[in-house]
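Trainee: Let me begin by handing over the structure; questions about it come next.
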Amino acid sequence: MKRILTYGTFDLLHYGHIRLLQRAKSLGDYLIVAVSTDEFNKIKGKKSYYDYETRKKMIESIKYVDLVIPEKKWNQKVLDIKKYKVDVIVMGSDWAGSEQFEYLKKYCEVIYLDRTEGISTSKIKEDMRLK
Ligand code: C2G
């Protein structure tokens, strides 16, 4: 049972998120998604349209996802890896080389998958504003 873990806000769920989750799941058997809480979003400087409970429900409804947990702070990742016996952490390539993830290579595999071009939560917000 290969266990995969990924982190994110996943606001205004879009195809880029789905593709990331689909490819993350294809790397193993069990996919855990740590969804940023509203409080952690503030720390990340993000204001999400949907609150945590809504974003959690949306991610839980995706067939590739086996478990959703809250991401409350930057430095919970090592605990998550141990608690959930994680084999691989998967993130989009915008995180490649980031100090938030590189140090985790001591504990598990860390894989960065290409971001889906041309779509992002901020682009959706911008495009909707212009409509
Ligand atoms: N993503 C993607 N392609 C896009 C948009 C997002 O592959 N067009 C990926 C991101 O790289 C990330 C995941 O989808 O791996 C979730 O994206 P966000 O919700 O923007 O996550 P972020 O705010 O980067 O949170 O501790 C880590 C942070 O919580 C990551």
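Trainee: Identify, please: which residue in segment 14-42 is of a type in the set (A, V, I, L, M) and surrounded by 20 or more Cβ atoms within 10 Å (Cβ to Cβ) and is, among those, nearest to the ligand (Cβ to nearest atom)? If you could, list the steps in order and put the result at the bottom.
Mentor: If we filter segment 14-42 for residues that are of a type in the set (A, V, I, L, M), which is where we start, we get 18, 20-21, 24, 27, 31-35.
Add one more test, that the residue is surrounded by 20 or more Cβ atoms within 10 Å (Cβ to Cβ), and what stays is 20-21, 24, 31-35.
Values: L20: 4, L21: 8, A24: 9, L31: 13, I32: 13, V33: 9, A34: 7, V35: 8 Å.
Selected residue: L20.
Trainee: Which numbered condition in (1) open to solvent by less than 10 Å² (accessible area, probe 1.4 Å); (2) part of a helix (DSSP H, G or I) is the only one that D11 fails?
Mentor: Status for D11: all satisfied but (2).
Trainee: Any residue in segment 101-119 that is more than 9 Å from the ligand (Cβ to nearest atom) and either among the basic types (K, R) or within 20 Å of L12 (Cα to Cα) (or both)?
Mentor: Yes, some residue in segment 101-119 is more than 9 Å from the ligand (Cβ to nearest atom) and either among the basic types (K, R) or within 20 Å of L12 (Cα to Cα) (or both).
Trainee: Another question, then. Name the residues in segment 28-48 that are over 15 Å from the mean Cα position of the chain (by Cα) and at pLDDT 95 or above, would you?
Mentor: Correct list: G28, D29, E39, K42, I43, G45.
Trainee: Now a separate question. State the number of residues belonging to segment 43-79 that are open to solvent by less than 20 Å² (accessible area, probe 1.4 Å) and touching a strand residue (DSSP E or B) at 6+ places or on another chain (Cβ under 6 Å).
Mentor: Count: 6.
Trainee: Being acidic (D, E) and without any contact (Cβ under 8 Å) to a residue 40 or more places away in the chain is the filter; apply it to segment 80-101 and report the residue that is surrounded by the fewest Cβ atoms within 10 Å (Cβ to Cβ).
Mentor: Quick first cut of segment 80-101, residues acidic (D, E) only: 80, 87, 94, 99.
Filter again for without any contact (Cβ under 8 Å) to a residue 40 or more places away in the chain, leaving 94, 99.
Numbers: D94: 10, E99: 7.
Out of the qualifying residues, it is E99.
Trainee: Can you list the strands (runs of 3 or more DSSP E) lying wholly within segment 24-131 that have 1 or more residues being of a type in the set (S, T, N, Q)? If you could, list the steps in order and put the result at the bottom.
Mentor: On the way: elements: 30-36, 67-71, 88-92, 109-113.
In segment 24-131, the matching strands (runs of 3 or more DSSP E) lie at 30-36.
The values are calculated or read from the model by the stated rules, or taken from the named source; none is laboratory data. This is a predicted model, so every value here is computed, not measured. No Cβ is skipped: glycine too gets one built from the backbone with ideal geometry, and neighbour counts run over all protein chains shown. Note: areas computed on protein heavy atoms with side chains; ligands, DNA, RNA excluded. Shrake-Rupley method; radii C 1.70, N 1.55, O 1.52, S 1.80 Å.
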